[in-house]
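Undergrad: Before anything else, here's the structure in question.
The values are calculated or read from the model by the stated rules, or taken from the named source; none is laboratory data. Only a predicted model underlies this, so the values are computations on that prediction, with no experimental measurement involved. Because the Cβ atoms are built from the backbone with ideal geometry, glycine has one as well, and the counts that use them run over all protein chains shown. Side chains included, ligands, DNA and RNA excluded: accessible areas come from the protein's heavy atoms. Shrake-Rupley method; radii C 1.70, N 1.55, O 1.52, S 1.80 Å.
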There are 2 protein chains.
Amino acid sequence: MKEDKIIHKQIEPLLAYFQNLIPLNKEEKQLVCDLFKPRLYRKRQYVLQEGDVCNQFNFIVRGCLRMYKVDDKGNTHIVQFASENWWLSNIGSFHERKPSELNIDALEDTMVLQISHDNLLTLYIQAPKFDRIFRVLIENSFISLQKRLLQNISSSAEERYLSFIESYSHLTNRIPQTQIASFLGITPEFLSRLRNKQTKKS
Amino acid sequence: MKEDKIIHKQIEPLLAYFQNLIPLNKEEKQLVCDLFKPRLYRKRQYVLQEGDVCNQFNFIVRGCLRMYKVDDKGNTHIVQFASENWWLSNIGSFHERKPSELNIDALEDTMVLQISHDNLLTLYIQAPKFDRIFRVLIENSFISLQKRLLQNISSSAEERYLSFIESYSHLTNRIPQTQIASFLGITPEFLSRLRNKQTKKS
DNA sequence: ACTATATCAATACTATTTCTTGACCTAGTT
DNA sequence: AACTAGGTCAAGAAATAGTATTGATATAGT
């Protein structure tokens, strides 16, 4: 049957990503194509809103998302940015099926491939290889989260900024500095001063 | 019990709206509070996308939505605008549980109170007074739709524009003229010329 | 006193969105 | 044949929204 072979083009970056971790056979590829759905979010659009349960696991094909918390005073604190070939979801809310206290929205028009909670379970059952793939993927997230935490509790704003532009060089010119400030936990004004200082140095 | 009295503040405009049609008792108010959920849509965000079933009946607390169709050529035709204290839903899709061929999105950041299809049925059963309220509300929508249709088939673009600014004076300076043009069924350029002509008159 | 940071207000700058205009086209009247 | 009600396309102008910088002043901890 021909149907077997219908693999939608938009899925390719994701297949390439998996392929890079562990080779997939035809059936596994087909599963991925069936269970992940492409979706476009426009700049500023919510992907996940506080209070809703996170029901999708998102792989970013192009664009950029942020996950953040709004505190009681109305200040936003960015937990994570994610751009091409990264994953973003509120893992806690996703797995425990509980309302999210974090928001996710788009900093640019963003194309994601998303798999629902149910479909992810199906995927694990039908192709246990994905248990491993998703373990690796979560491990990676965990590692970078831990790194970020460590940085946060041990460094000055300036050090954190320097480290940010090193780790996220592809994002520094792409997202507004207000956002970077909110990620670093400082005010935009202070970030502006840090930058000023840096440019004077060179 | 205290719980009885917990009425979320955001619901008030809706209670006021109902109250204005028919007085509600405590239990009815409580039902409204339990069954309607507040939700914020940001500018350009979809409230309903073509192909999805419309599952929410929306009351607008603040902001402005539009409902429109995109034709085969990619042109958009606005069926309806809705701002504060108006209702907007694709009633056909909502009641017949069929995929919508219309889109709804936000022209401004918009706060709505929404009730799901299931919850609306519950509401009707638990408080039959709402049968009447919603009948009135649908009648109002019907009347303004008919008026619009009549206008459309019987008037020139200029007359339609004049009538628009009369009926929707609160919106004329609030939404872009591209949108008004699309509502009137003319090009933005032509609308611009009509406006030009008007100002010259006075 | 000094450093790292915050707040507030004003200003400057940039990018995006919206509006207008000119030039030209078309189909249906008069 | 000329007129009217509209349309298309491209360019530019104007308005608005979003972003970045700067100065002045404040605070808490070393």
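Undergrad: Does B:ARG44 satisfy being within 14 Å of another protein chain (Cβ to nearest Cβ) and either open to solvent by 50 Å² or more (accessible area, probe 1.4 Å) or at pLDDT 95 or above (or both)?
TA: The answer is yes for B:ARG44.
Undergrad: Quick one: in the stretch B:177-202, of everything that is near DNA strand C (Cβ under 9 Å from one of its atoms) and of a type in the set (Val, Ile, Thr), which residue is farthest from the chain's Cα centre (by Cα)?
TA: So, considering only residues that are near DNA strand C (Cβ under 9 Å from one of its atoms) and of a type in the set (Val, Ile, Thr), the one farthest from the chain's Cα centre (by Cα) is B:THR199.
Undergrad: Starting from the stretch A:166-178, take each residue that is basic (Lys, Arg) and list its partners that are more than 16 Å from DNA strand C (Cβ to nearest atom) and open to solvent by less than 60 Å² (accessible area, probe 1.4 Å), counting only C-beta distances under 8 angstrom and pairs at least six apart or across chains.
TA: Cβ pairs passing all conditions: A:ARG174/A:SER83.
Undergrad: Having 1 or more residues that are away from DNA strand D (no atom under 13 Å from the Cβ) and out of contact with any Phe, Trp or Tyr (no Cβ under 6 Å at 6 or more places or on another chain) is the bar; report the helices (runs of 4 or more DSSP H) wholly within the stretch A:132-199 that clear it.
TA: Those helices (runs of 4 or more DSSP H) span A:157-167, A:169-172.
Undergrad: Moving to a separate point now. For the stretch A:49-61, which residues satisfy the criterion of being modelled with pLDDT of 95 or more and within 29 Å of A:ASN173 (Cα to Cα)?
TA: A:GLN56, A:PHE57, A:ASN58, A:PHE59, A:ILE60, A:VAL61
Undergrad: In this structure, is A:ASN58 buried (at least 21 other Cβ atoms within 10 Å of the Cβ) and either in a loop (DSSP other than H, G, I, E, B) or touching a residue at least 40 places away in the same chain (Cβ under 8 Å) (or both)?
TA: Yes.
Undergrad: A further question on this structure: Out of curiosity, is A:ASN85 more than 14 Å from chain B (Cβ to nearest Cβ), outside any helix (DSSP H, G or I) and open to solvent by 50 Å² or more (accessible area, probe 1.4 Å)?
TA: In short, yes.
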